[in-house]
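> Below: one structure in structure tokens.
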Amino acid sequence: MADNFEYQESQTSYENIAFNERLNELLDAQTQFNSDKRIMMLKRQAKLRYPDLFLEGINYTLYPGLKINAVNQLINCEWVARHHHLLIVGSTGTGKTSLACMLSQEAIKRHIPVLFFRMSHLLLELVAAQRDEKLKQLLRRINRAPLLVLDDWGNALMNKVERHLLFELIESRDQNASLLITSQYPVTIWHECFQDSTIADSVLDRIIHNAHKINLKGESIRKILSIKDGGES
């Protein structure tokens, strides 16, 4: 606001502008500054794997089968407000994590706190927090974020401690917050990574039946881009 006021004072063109108009411009400048500052803080807190990717720059030719209308329905983040989940499934390299980061940026633009975890790293943090008797603090910190991104779901089998801790986390967020999960495995075989059908049913029942789903297909984006950069032999 102060910078904008100095600018107004330095411009003779503002001499004939009404006080209310000038004041509104100052208030708009302050509101925008506050919003930008909030967004920068949320970006730092989110720790996205790809913090510089945005939907404005998405190349849909690299995401065959991804429908623009489906993405547009997710942009307003109404699904987060309703505590729904989003599952992005596809083979290695099809852009799951990139898309998850882009959609996370849309939430951040709307001042919605986001946290990003590789699934394996999250499990390690949960186990360490339980060992150090800090599990409640960790769950409280995670649950302050309305949107939790779990990247690479199902890449490793969970032991007894890990699956019970994951259940506790999912249970603590049930109907209160949203998950964005990426996985290279079809939802139909997610049970296998739990090695416990009862826990698997309890966790997945809280996720799958209240989720939007995106299935990414096609070749590895990294492979396609490397061919374009280097030329085909």
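The values are calculated or read from the model by the stated rules, or taken from the named source; none is laboratory data. Since we're looking at a predicted model, the values are computed, not measured. A quick note on method: Cβ atoms are made from the backbone with ideal geometry, for glycine too, and the neighbour counts reach across all protein chains shown. Side chains included, ligands, DNA and RNA excluded: accessible areas come from the protein's heavy atoms. Shrake-Rupley method; radii C 1.70, N 1.55, O 1.52, S 1.80 Å.
> Is there a residue being crowded, with 18+ Cβ neighbours inside 10 Å, in contact with a strand residue (DSSP E or B) (Cβ under 6 Å, 6 or more places away or on another chain) and under 19 Å from Ile88 (Cβ atoms) anywhere in region 186-207?
yes
> Among the residues of region 22-40 satisfying the criterion of being among the basic types (Lys, Arg) and surrounded by 11 or more Cβ atoms within 10 Å (Cβ to Cβ), which is farthest from the chain's Cα centre (by Cα)? First the steps, then the outcome.
Initially, region 22-40 is screened for residues among the basic types (Lys, Arg), giving 22, 37-38.
Narrowing the set further to residues that are surrounded by 11 or more Cβ atoms within 10 Å (Cβ to Cβ) leaves 22, 38.
Numbers: Arg22: 38, Arg38: 16 Å.
The selected residue is Arg22.
> From the residues in region 135-170 that are assigned to a strand (DSSP E or B) and not acidic (Asp, Glu), which one is surrounded by the fewest Cβ atoms within 10 Å (Cβ to Cβ)?
Leu148
> Cβ-Cβ distance below 8 Å, separation of 6 or more or different chains: which pairs start in region 186-215 with a residue that is within 15 Å of Leu150 (Cβ to Cβ) and end on one that is surrounded by fewer than 18 Cβ atoms within 10 Å (Cβ to Cβ) and among the basic types (Lys, Arg)?
These pairs meet every condition: Val187/Lys213.
> Looking at Phe19, Phe5, can you tell me which residue is exposed (fewer than 13 other Cβ atoms within 10 Å of the Cβ) and free of Cβ contacts under 8 Å to residues at least 24 places away in the same chain?
Going through Phe19, Phe5 in turn, the sole match is Phe19.
> Scan region 41-72 for residues that are out of contact with any helix residue (DSSP H, G or I) (no Cβ under 8 Å at 6 or more places or on another chain) and surrounded by 11 or more Cβ atoms within 10 Å (Cβ to Cβ) and jot them down.
Across region 41-72, the qualifying residues are Met41, Gln45, Lys47, Pro64, Gly65, Lys67, Ala70.
> Hey, does region 90-100 have a residue that's more than 20 Å from Gly154 (Cβ to Cβ) and open to solvent by less than 60 Å² (accessible area, probe 1.4 Å)?
no
> Then there is this: For Asn215, state whether it is among the polar types (S, T, N, Q), in contact with a His (Cβ under 8 Å, 6 or more places away or on another chain) and surrounded by 12 or more Cβ atoms within 10 Å (Cβ to Cβ).
Judged against the criteria, Asn215 is not a match.
> Same structure again: I'm trying to understand the selection: among the residues of region 23-37, which are under 15 Å from Glu9 (Cα atoms) and either in contact with a strand residue (DSSP E or B) (Cβ under 8 Å, 6 or more places away or on another chain) or acidic (Asp, Glu) (or both)?
Glu25
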